[in-house]
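Enquirer: Once you've had a glance at the structure underneath, I'll fire off some questions.
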Ligand SMILES: Cc1cc2nc3c(=O)[nH]c(=O)nc-3n(C[C@H](O)[C@H](O)[C@H](O)COP(=O)(O)OP(=O)(O)OC[C@H]3O[C@@H](n4cnc5c(N)ncnc54)[C@H](O)[C@@H]3O)c2cc1C
């Protein structure tokens, strides 16, 4: 070996190649705990597939070469096509064949949702744009299944969506091997308040409808159909709007522009106009919000899982770097202040992982009534808090890599740009917290389920007991209803209580106690950056060793 070929000292070996599942003790524990142990081998395989250098290269290529809109062909005819880099379809193929969009619906049962959540969590560490259509398709299934009898070809749509395959060809659903479904609600004049939608639908006379109007954000416009909201005479109604018509022609959906986004760049998000687009009503006319809510609840679950996964991805890169990089005569991971930062990040990821995986189990079909009630309040709370923490974790993990963390040679800059979007879409921070309050006020069984869940950990940690008692007193039927300005605090307290309760019941005591001491104890944490407020009594070394995993 010549001098030029000698590996340069003090640069970490490649991160790629470490099995993302087998090296993650918190996730593996959660998989076992949430009834998904039967999926161990599949997840280990998925963790290996994602960790391959080739998969990281695909993720990089798909984001460096974002989709391109082609509105017209060379003869000036409208084609409204989006061209993706081949890396996009390669990644979509990997995930779809693994069943990320359909597995728990195709083979329901105990642990099916948690197994799929773990799959999604692992994918989130490597590439996120592809997760948008996978999530929307996954989330559409309960709505399609409930209303398939109302839809022409309803059984066929469902069957195509439940197929573990990726078929990007623009063909009528009858000619496809598999189908993807998107979601169109947001318009220029209002996204959170969809009641302000202006798009309107008129009966076409044959049971179908014609939609005129627009959508301001219409992600993955290449999907085979979107569930969209539009005003009918009876009020806001949900429609299935196919991309291609049964005769093989394009539906009247014009793609005007693709958004130039901060992150999520591999994915196309379009502005569209409907010019009498053919659509079929899903659910009763006038009941659009109630109909699409089931889909929204599942996309919110994925936001929580995906943000937890992104945090784990960022942490794992940071741990890898700190385990191999020496500064001032010592490995970074052995520098006491760096150890404290890494331990604090690891605690955040432990909590987020436990919370997202516990929540996923509550979505299992058939879930018991208590789990359904718990999911009603825990989903918006977990979505809020997990998504709020992800940008902060991504930033701090980036800094662990020093200057290299700011450079596009690792996925950390991409994760950092990606992290805010889960908080913004599917119910932005304030809107999702107001939904927590709505659940508390209107669905007392949700608060009962929350209390029952927290009771399972009672006596395990004094900080948690105090935190839970204060929370439940504030939510009790006798207490005054919480005011809107308190909604963020309440959502955070619910999310951290649930995360802590899961850790207290199941994680090693050095993790659970440190999580409770740093996140729940009064005034312990407000405003501190990671590593800035951990008590010296916590076992940072053990927390970090567990997060780092073998090797
Ligand atoms: C990359 C990307 C892709 C997207 N893809 C899709 C898609 O495929 N389909 C789709 O339908 N939408 C999509 N969206 C849109 C997204 O869901 C909306 O942007 C979001 O719901 C917020 O709506 P808005 O932008 O109209 O903001 P607004 O509704 O105007 O809200 C602005 C801010 O005000 C806050 N706010 C609203 N109401 C209240 C209140 N009562 N009290 C206090 N604060 C309040 C919100 O939390 C938010 O922070 C996408 C967005 C992005 C960024």
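Enquirer: Does residue 115 satisfy being surrounded by fewer than 21 Cβ atoms within 10 Å (Cβ to Cβ) and in a helix (DSSP H, G or I)? Can you show your working first?
Expert: Numbers: surrounded by fewer than 21 Cβ atoms within 10 Å (Cβ to Cβ): no; in a helix (DSSP H, G or I): yes.
It is false that residue 115 is surrounded by fewer than 21 Cβ atoms within 10 Å (Cβ to Cβ) and in a helix (DSSP H, G or I).
Enquirer: Do you know which residues across segment 475-494 are touching a helix residue (DSSP H, G or I) at 6+ places or on another chain (Cβ under 7 Å), part of a helix (DSSP H, G or I) and more than 22 Å from residue 352 (Cβ to Cβ)? I'd like the intermediate steps shown before the answer.
Expert: Of the residues in segment 475-494, the ones touching a helix residue (DSSP H, G or I) at 6+ places or on another chain (Cβ under 7 Å) are 475, 477, 479, 481-482, 484, 487-488, 490-494.
Restricting the remaining residues to those that are part of a helix (DSSP H, G or I) gives 475, 484, 487-488, 490-494.
Scanning segment 475-494 gives 475, 484.
Enquirer: So for segment 211-222 (the condition being touching a helix residue (DSSP H, G or I) at 6+ places or on another chain (Cβ under 9 Å), within 16 Å of the ligand (Cβ to nearest atom) and outside any loop (DSSP other than H, G, I, E, B)), does at least one residue qualify?
Expert: yes
Enquirer: Determine whether residue 376 is modelled with pLDDT of 95 or more and assigned to a helix (DSSP H, G or I). Explain how you work it out, then say what you get.
Expert: Numbers: modelled with pLDDT of 95 or more: yes; assigned to a helix (DSSP H, G or I): yes.
So residue 376 passes the test.
Enquirer: Could you count how many residues in segment 101-137 are in contact with a helix residue (DSSP H, G or I) (Cβ under 7 Å, 6 or more places away or on another chain) and over 21 Å from residue 53 (Cα atoms)? First the steps, then the outcome.
Expert: Residues of segment 101-137 in contact with a helix residue (DSSP H, G or I) (Cβ under 7 Å, 6 or more places away or on another chain): 101-105, 111-131, 134-137.
If we keep only those that are over 21 Å from residue 53 (Cα atoms) too, we end up with 101-105, 111-117, 134-137.
Residues that pass the stated criteria total 16.
Enquirer: For segment 402-434: of the residues being outside any helix (DSSP H, G or I) and more than 16 Å from the ligand (Cβ to nearest atom), which is surrounded by the most Cβ atoms within 10 Å (Cβ to Cβ)? Steps first, answer last, please.
Expert: We begin by selecting, within segment 402-434, every residue outside any helix (DSSP H, G or I); these are 407-411, 419-420, 425-428.
Now restrict to residues that are more than 16 Å from the ligand (Cβ to nearest atom): 407-411.
Values: 407: 12, 408: 11, 409: 11, 410: 20, 411: 23.
Only one residue fits best here, namely 411.
Enquirer: Find the residue count for segment 482-500, including only residues that are surrounded by 12 or more Cβ atoms within 10 Å (Cβ to Cβ) and within 16 Å of the ligand (Cβ to nearest atom). So that I can check it myself, show each step before the final result.
Expert: First, the residues of segment 482-500 that are surrounded by 12 or more Cβ atoms within 10 Å (Cβ to Cβ): 482, 486-500.
Cutting the leftovers down to within 16 Å of the ligand (Cβ to nearest atom) gives us 482, 486-492.
So the answer is 8.
Enquirer: Does segment 348-361 include one or more residues that are assigned to a helix (DSSP H, G or I), out of contact with any strand residue (DSSP E or B) (no Cβ under 6 Å at 6 or more places or on another chain), surrounded by fewer than 21 Cβ atoms within 10 Å (Cβ to Cβ) and in contact (Cβ under 8 Å) with a residue 24 or more places away in the chain?
Expert: The first filter runs over segment 348-361 and keeps only residues assigned to a helix (DSSP H, G or I), leaving 348-361.
From what's left, out of contact with any strand residue (DSSP E or B) (no Cβ under 6 Å at 6 or more places or on another chain): 348-361.
This time we only want the ones that are surrounded by fewer than 21 Cβ atoms within 10 Å (Cβ to Cβ), so: none.
No, segment 348-361 has no match at all.
Enquirer: Something else now. Kindly check whether there is at least one residue in segment 495-504 that is more than 20 Å from residue 33 (Cβ to Cβ), out of contact with any strand residue (DSSP E or B) (no Cβ under 8 Å at 6 or more places or on another chain), free of Cβ contacts under 8 Å to residues at least 60 places away in the same chain and part of a helix (DSSP H, G or I). Steps first, please.
Expert: To start, the set of residues in segment 495-504 that are more than 20 Å from residue 33 (Cβ to Cβ) comprises none.
No, segment 495-504 has no match at all.
Enquirer: Within segment 435-452, which residues are without any contact (Cβ under 8 Å) to a residue 40 or more places away in the chain and either within 10 Å of the ligand (Cβ to nearest atom) or more than 26 Å from residue 183 (Cβ to Cβ) (or both)?
Expert: Going through segment 435-452, the residues without any contact (Cβ under 8 Å) to a residue 40 or more places away in the chain turn out to be 438, 442, 444, 451.
Selection gives 444, 451.
Enquirer: Mind checking which pairs have a first residue in segment 174-202 that is more than 21 Å from residue 295 (Cβ to Cβ) and a second that is within 16 Å of the ligand (Cβ to nearest atom) and in a helix (DSSP H, G or I), Cβ under 9 Å, 6 or more apart or different chains?
Expert: Short answer, once both residue conditions are applied: 189/196.
Enquirer: Is it true that residue 240 is within 16 Å of the ligand (Cβ to nearest atom), closer than 26 Å to residue 81 by Cβ and either more than 28 Å from the chain's Cα centre (by Cα) or in contact (Cβ under 8 Å) with a residue 12 or more places away in the chain (or both)?
Expert: Details: within 16 Å of the ligand (Cβ to nearest atom): yes; closer than 26 Å to residue 81 by Cβ: yes; either more than 28 Å from the chain's Cα centre (by Cα) or in contact (Cβ under 8 Å) with a residue 12 or more places away in the chain (or both): yes.
So residue 240 fits the description; yes.
Enquirer: Right, another one. Filter segment 284-334 down to residues that are within 30 Å of residue 197 (Cβ to Cβ) and not in a helix (DSSP H, G or I), then give me how many there are.
Expert: Start the filter on segment 284-334 by keeping residues that are within 30 Å of residue 197 (Cβ to Cβ), which leaves 284-307.
Now narrow it down to the ones that are not in a helix (DSSP H, G or I): 284-287.
The number of residues fulfilling the criteria is 4.
Enquirer: Step by step: first the residues of segment 7-37, then only those that are over 19 Å from residue 324 (Cβ atoms) and out of contact with any helix residue (DSSP H, G or I) (no Cβ under 7 Å at 6 or more places or on another chain), then the one that is surrounded by the most Cβ atoms within 10 Å (Cβ to Cβ). Which residue is that?
Expert: So the residue we want is 28.
Enquirer: Also, quick follow-up: Give the residue, chosen from 370, 394, that is in contact with a helix residue (DSSP H, G or I) (Cβ under 9 Å, 6 or more places away or on another chain), crowded, with 21+ Cβ neighbours inside 10 Å and part of a helix (DSSP H, G or I). Spell out the reasoning first.
Expert: Values: 370 fails: crowded, with 21+ Cβ neighbours inside 10 Å.
Step by step, each of 370, 394 is checked, and only 394 is in contact with a helix residue (DSSP H, G or I) (Cβ under 9 Å, 6 or more places away or on another chain), crowded, with 21+ Cβ neighbours inside 10 Å and part of a helix (DSSP H, G or I).
Enquirer: Working only within segment 163-192, note down all residues that are within 6 Å of the ligand (Cβ to nearest atom) and part of a loop (DSSP other than H, G, I, E, B).
Expert: Result: 185, 186, 191, 192.
The values are calculated or read from the model by the stated rules, or taken from the named source; none is laboratory data. If you're wondering where the values come from, they're calculated on a predicted model, not measured in any experiment. With ideal geometry, Cβ positions are generated from the backbone for all residues, glycine too; neighbour counts draw on all protein chains shown.
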